[in-house]
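Participant: Sharing a structure, written as structure tokens. Questions coming.
The values are calculated or read from the model by the stated rules, or taken from the named source; none is laboratory data. Computed from a prediction, not measured in an experiment: that's the story for all the values here. FYI the Cβ positions are ideal-geometry reconstructions off the backbone, even for glycines, and counts take in every protein chain you see.
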């Protein structure tokens with residue numbers, strides 16, 4: 001199957017026509033299983049869970065407790081069997097496949113609301129420095145200038161490979177902080193109508209997959225195609241300050257230990273360059 005997969009639905013369609021394909025369970029919890037199929041990590045989740053762009057959803061009563069990490073899986077003709085469990089997925093199982101749409105309010109209004117949601121005062125100087133100053137990781141030598149570049153590139157031609165080289169895979173967890181931040185910036189780009197640069201096309205991300213985790217690589221490729229996690233999609237789709245927007249912000253900030261906040265910071269970086277460009281250009285950290 002081609003690596004030019006930009007959404008789970010395309011992957012599922014390809015898997016339904018091929019086989020057999022060996023897969024492996026990368027993480028297993030009673031309500032969540034991550035299975036790596038070729039270069040994509042598929043999340044098998046409860047219908048009530050926050051939806052992810054790589055998620056296949058099963059009824060809340062489905063028993064995933066017998067699945068163990070490291071178990072082998074087998075996919076052929078659209079059927080995925082995991083280890084010795086009785087769980088079987090087949091083509092036709094519900095998928096989450098929604099794409100970021102244009103912002104429902106001005107970029108300036110959205111940016112202000114995102115800073116407020118993060119509890120950060122943008123001040124009168126460089127807003128990027130204000131945004132990244134709360135994390136030691138984001139102020140490292142190469143990282144700070146790269147994040148300034150993310151803000152500027154997101155405001156014009158879109159992110160390029162240079163930002164990936166400086167940022168991929170930094171931080172802990174299944175999805176490192178800098179990768180989550182890039183997912184947020186990529187989603188925000190789509191929301192303001194910027195097409196992801198050719199240098200950030202799926203093959204380019206695939207070529208750098210060894211620099212980060214398999215799950216993070218999957219989320220980055222999907223975010224580059226405008227398909228972020230559902231809470232981030234909700235933040236970018238609702239009117240800033242509205243009850244639904246505030247609910248989406250709370251839901252996003254509740255994702256993982258650092259994932260949600262990092263994505264929110266990334267989305268803010270993806271928008272702030274369009275309203276505070278001169279302040280960012282004048283910063284000494286701007287490469």
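Participant: If you go through the stretch 134-172 one residue at a time, how many are at pLDDT 80 or above and over 21 Å from the mean Cα position of the chain (by Cα)?
Facilitator: Counting residues in the stretch 134-172 that are at pLDDT 80 or above and over 21 Å from the mean Cα position of the chain (by Cα) gives 1.
Participant: Would you confirm, using the coordinates I've provided, whether residue 68 is modelled with pLDDT of 75 or more and within 25 Å of residue 183 (Cβ to Cβ)?
Facilitator: Details: modelled with pLDDT of 75 or more: yes; within 25 Å of residue 183 (Cβ to Cβ): no.
No: the conditions fail for residue 68.
Participant: Working only within the stretch 106-121, note down all residues that are loosely packed, with under 14 Cβ neighbours inside 10 Å and either touching a residue at least 24 places away in the same chain (Cβ under 8 Å) or under 13 Å from residue 273 (Cα atoms) (or both). Break it down into steps so the answer makes sense when it comes.
Facilitator: Start the filter on the stretch 106-121 by keeping residues that are loosely packed, with under 14 Cβ neighbours inside 10 Å, which leaves 106, 108, 119, 121.
Matches in the stretch 106-121: 108 only.
Participant: Looking at the stretch 216-287, what helices (runs of 4 or more DSSP H) fall wholly within it and have at least 1 residues that are modelled with pLDDT of 95 or more and surrounded by 21 or more Cβ atoms within 10 Å (Cβ to Cβ)? Outline the logic, then answer.
Facilitator: On the way: elements: 230-237, 243-253, 259-272, 277-281.
Answer list for the stretch 216-287: 230-237, 243-253, 259-272.
Participant: What is the number of the single condition among (1) assigned to a loop (DSSP other than H, G, I, E, B); (2) on the phi < 0 side of the Ramachandran plot; (3) at pLDDT below 85 that residue 22 does not meet?
Facilitator: Only one criterion in (1) assigned to a loop (DSSP other than H, G, I, E, B); (2) on the phi < 0 side of the Ramachandran plot; (3) at pLDDT below 85 is unmet by residue 22, namely (1).
Participant: Take residue 101 and decide whether it is surrounded by fewer than 17 Cβ atoms within 10 Å (Cβ to Cβ) and under 19 Å from the mean Cα position of the chain (by Cα). Reasoning before the result, please.
Facilitator: Details: surrounded by fewer than 17 Cβ atoms within 10 Å (Cβ to Cβ): yes; under 19 Å from the mean Cα position of the chain (by Cα): yes.
It is true that residue 101 is surrounded by fewer than 17 Cβ atoms within 10 Å (Cβ to Cβ) and under 19 Å from the mean Cα position of the chain (by Cα).
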